[in-house]
1. Can you pull out every residue in the range 437-469 that is part of a helix (DSSP H, G or I) and under 17 Å from residue 350 (Cα atoms)?
2. Quick check on my filter: what residues within the range 87-115 are under 21 Å from the mean Cα position of the chain (by Cα), closer than 18 Å to residue 312 by Cβ and outside any loop (DSSP other than H, G, I, E, B)?
3. How many residues are part of a loop (DSSP other than H, G, I, E, B) and closer than 23 Å to residue 177 by Cα when one looks only at the range 116-147?
4. Of 57, 20, which residue is more than 10 Å from the ligand (Cβ to nearest atom), surrounded by fewer than 18 Cβ atoms within 10 Å (Cβ to Cβ) and not assigned by TED's automatic domain parsing to the domain that holds residue 304?
5. From the list 316, 272, exactly one residue is free of Cβ contacts under 8 Å to residues at least 12 places away in the same chain and touching a strand residue (DSSP E or B) at 6+ places or on another chain (Cβ under 9 Å). Which is it?
6. Tell me which residues, restricted to the range 150-173, are buried (at least 22 other Cβ atoms within 10 Å of the Cβ), closer than 23 Å to residue 78 by Cα and touching a helix residue (DSSP H, G or I) at 6+ places or on another chain (Cβ under 9 Å).
7. Would you tally the residues in the range 24-50 being over 30 Å from residue 264 (Cα atoms), within 12 Å of the ligand (Cβ to nearest atom) and surrounded by fewer than 18 Cβ atoms within 10 Å (Cβ to Cβ)?
8. So residue 63 fits all but one of (1) surrounded by fewer than 17 Cβ atoms within 10 Å (Cβ to Cβ); (2) near the ligand (Cβ under 7 Å from one of its atoms); what number is the exception?
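The values are calculated or read from the model by the stated rules, or taken from the named source; none is laboratory data. Small disclaimer: the values here were computed from a predicted structure and weren't measured. Counting neighbours? That spans all protein chains shown, and the Cβs are built from the backbone with ideal geometry, glycine included.
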Ligand code: SF4
């Protein structure tokens, strides 16, 4: 039985309200355990002998339905799996799909270095953070264990990203493992043919391992065998077919696996699932078409239920939709995405620059900020605390008010007389109805800007600087 309410968790906690966890009460801490914003070990008393039994029980009862697995070591180590629900709106999805991009052991060294650097350094700024990718999958194409080990060594010298070692030949996998045995790589893959030797590698090197079979019964049987051997860090690959009827079957297998793990509580098969959109390159020979279908597959299996995937295309038109979709799917629907309230400078504002108001909903804030900075409009941009709600909804819902706007400038220590020559603020067009209230509350002149920030440059041409009254 999985615990899913603070009250259920509270019964297992020490119930002494000592606040050592940073929460005033055990009940408040229980709520953090449910939403995974804190971990059990943040409660020092429960680690004492007198509570050991409850600690161990809670560990089991709080464990996610899908096993959480760590790949790699250090700051770039990546967790995968860890989900409790089939649909994001039921709670949230945890541990975003890990994207691994391939390199191979027959690449000329300069190309290998360039490609690994491109993977490691990929960054795209989006809604206040950088979207990145997660791993390098080193594929053995040569069939030569020494050559593979050389490629793994080179890659591990260049990047801190976790590695996936890809070969169906246990001797090749072993040669790669020898090079990166301290870095907790994922090995790919154990099959019906090689499982005996690959399981020995997973046991000896204590690394997570992918099990591959297109037959779900055989996949389950492999998982059971590995588990009985004491290997619990497993990833399931039911095969990814890039087109036609077999793609439909692949999709159905992903659904079956995840439903079995979450809905039917089949612990034997409740592991992260791997998709391999890279297989599109085996079918489509033209690079743009292959990239296109690879991105389509990545999108499908980000939504349903790929926890990790191996990809090939490093073209922006492939990577950008992949990382954006993943970010959207794994955003926590319980918490609006917010920026810190305050007053920020865009460019290098002077006393004659406008002071523009928006809300602290991250998507709104960064859209406005981007429209201003890309049009080289130097100004002050106020992010009013509306609990992360956009302008129109927060005006209607009472989160954006004249008092809140006044309070925002006061808390930021923004003195209009000192910072501006015009004593004026610009409200978003969608907040026009607040104009009179804001004038009364602040004593400032209030101008009404356009309803969307894309039109600010045109609005500025006509309206700024403000004409004397
Ligand atoms: S540290 Fe533990 S015992 Fe103390 S208040 Fe927090 S949850 Fe309760």
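1. Once the filter is applied, which keeps residues that are part of a helix (DSSP H, G or I) and under 17 Å from residue 350 (Cα atoms), the range 437-469 yields only 460.
2. 98, 99, 100, 101, 102
3. Adding up the residues that qualify gives 7.
4. Working: 20 fails: more than 10 Å from the ligand (Cβ to nearest atom).
One residue alone meets the criteria, 57.
5. 316
6. If we filter the range 150-173 for residues that are buried (at least 22 other Cβ atoms within 10 Å of the Cβ), which is where we start, we get 151-152, 155, 161-167, 172-173.
Going one step further and asking which of them are closer than 23 Å to residue 78 by Cα, we end up with 151-152, 155, 161-167, 173.
Passing the criteria: 151, 152, 155, 161, 162, 163, 165, 166, 167, 173.
7. 9
8. (2)
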